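Asks: Following this message is one structure expressed as structure tokens.
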Amino acid sequence: MEETFRYAPQNVCSREFLITHDGDKILKVVTIGGCPGNIQAVDRLIVGMTADEVIAALEGIRCPGSRTRQTSCPDQLAQAMKALKAAIGK
């Protein structure tokens with residue numbers, strides 16, 4: 001069943017991720033805020049992936065523009081996928 005999951009990233013330019021999914025398969029991502037070109041590219045590239053695939057690809061990426069320099073919008077998207085998995089019980 002298709003659902004939308006909302007996630008508020010921490011310490012980055014992006015303010016919210018809207019993740020439409022069917023279980024742990026990603027159908028669509030809309031990112032509010034962030035660097036427009038990069039965010040659009042990441043959002044499009046992860047469509048069709050599972051949450052685990054997104055985590056493996058994006059977790060640990062760091063951005064010098066983040067408040068802590070220890071995360072990035074892609075890393076926060078990986079954290080959103082972990083939260084999605086917890087929310088759906090996987």
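Bear in mind these aren't lab numbers, they're just calculated from the coordinates by the rules spelled out. Just so we're clear, the structure is a prediction, and the values are computed from it rather than from any experiment. Neighbour counts are summed over all protein chains in view; Cβ atoms, including those assigned to glycine, are modelled from backbone coordinates with ideal geometry.
Asks: Against the conditions (1) touching a residue at least 60 places away in the same chain (Cβ under 8 Å); (2) closer than 26 Å to M1 by Cα, where does S72 fall short? Just the number, please.
Replies: For S72, the failing item is (2).
Asks: Mind checking whether some residue in the range 9-26 is in contact with a Leu (Cβ under 8 Å, 6 or more places away or on another chain), free of Cβ contacts under 8 Å to residues at least 60 places away in the same chain and acidic (D, E)?
Replies: No, the range 9-26 contains no residue that is in contact with a Leu (Cβ under 8 Å, 6 or more places away or on another chain), free of Cβ contacts under 8 Å to residues at least 60 places away in the same chain and acidic (D, E).
Asks: Filter the range 1-31 for residues that are of a type in the set (F, W, Y) and farther than 10 Å from Q76 by Cα and give the result.
Replies: F5 - this is the single residue of the range 1-31 that is of a type in the set (F, W, Y) and farther than 10 Å from Q76 by Cα.
Asks: How about the chain: which helices (runs of 4 or more DSSP H) wholly inside it have at least 1 residues that are surrounded by fewer than 16 Cβ atoms within 10 Å (Cβ to Cβ) and of a type in the set (S, T, N, Q)?
Replies: Answer list for the chain: 36-45.
Asks: What pairs can you find where one residue is in the range 41-65 and charged (D, E, K, R), the other is surrounded by 15 or more Cβ atoms within 10 Å (Cβ to Cβ) and in a helix (DSSP H, G or I), and their Cβ atoms are less than 7 Å apart, with a gap of 6+ or different chains?
Replies: E59/D75; E59/A78; R62/D75
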